[in-house]
């Protein structure tokens, strides 16, 4: 995994983010976010803002990436499913904190680009798939944690089924194109406990046709 980068990247970039998990803040400062954005946006890579990555998609602002990661409460032994690889930045954050990340992207050029970047940066604990994330990754399940990085109107039932008992699902639910609510859903003996974590704004969940 990523150990050192020959560039000015450090925790100082995101030191003021209102996160409580120091592990997450350290990882955010360690990963070169500029590598995950188009060249024209690289001067803004360390601002706490979302940026376009093409195909109507964005790389989320560092605070939201950190918050969603923090809500997953990852352990080093966890297996994580990420729906929406996008730029690959959130994927890298998860890979630094978990044993293995299974990441699904429906837009093929983004999936290819993210895989190339993450491979170049030395990540070896990520599996990639270009597919409809609604159905998850059944043969690799169950997962300790699942993250959906796009707005859905309801929780995809296959993803609830692919959580272990005690597993956490973090996702934005609401009207695509508007404001959504960020939820953490914890599976407890086939019951699902929901926690409202505030308002967010995400691009719509993309299905394959």
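Looking at the range 7-101, what strands (runs of 3 or more DSSP E) fall wholly within it and have at least 2 residues that are touching a strand residue (DSSP E or B) at 6+ places or on another chain (Cβ under 6 Å) and closer than 23 Å to residue 185 by Cα?
Numbers: elements: 51-54, 57-59, 79-83.
Once the strands (runs of 3 or more DSSP E) in the range 7-101 are filtered for at least 2 residues that are touching a strand residue (DSSP E or B) at 6+ places or on another chain (Cβ under 6 Å) and closer than 23 Å to residue 185 by Cα, what remains is 79-83.
Can you tell me which residue among 154, 160, 124, 116 is assigned to a loop (DSSP other than H, G, I, E, B) and under 17 Å from residue 84 (Cα atoms)?
Just one listed residue meets the conditions, 154.
Return the pair list, or none, for Cβ contacts closer than 6 Å from residues in the range 143-162 that are over 15 Å from residue 195 (Cα atoms) to residues that are at pLDDT 95 or above and surrounded by fewer than 17 Cβ atoms within 10 Å (Cβ to Cβ), at least 6 apart or on different chains.
Here the result reads 144/164; 158/135; 162/142, each pair linking the range 143-162 to a residue that is at pLDDT 95 or above and surrounded by fewer than 17 Cβ atoms within 10 Å (Cβ to Cβ).
Restricting the search to the range 127-151, which residues are within 15 Å of the chain's Cα centre (by Cα), modelled with pLDDT of 95 or more and in a strand (DSSP E or B)?
127, 128, 129, 143, 144, 145, 146, 147, 148 - these are the residues of the range 127-151 that are within 15 Å of the chain's Cα centre (by Cα), modelled with pLDDT of 95 or more and in a strand (DSSP E or B).
The values are calculated or read from the model by the stated rules, or taken from the named source; none is laboratory data. What you see is a predicted model; the values in this text were computed from it and never measured. Using ideal geometry, Cβ is built from the backbone for each residue, glycine included, and neighbour counts are taken over all protein chains shown.
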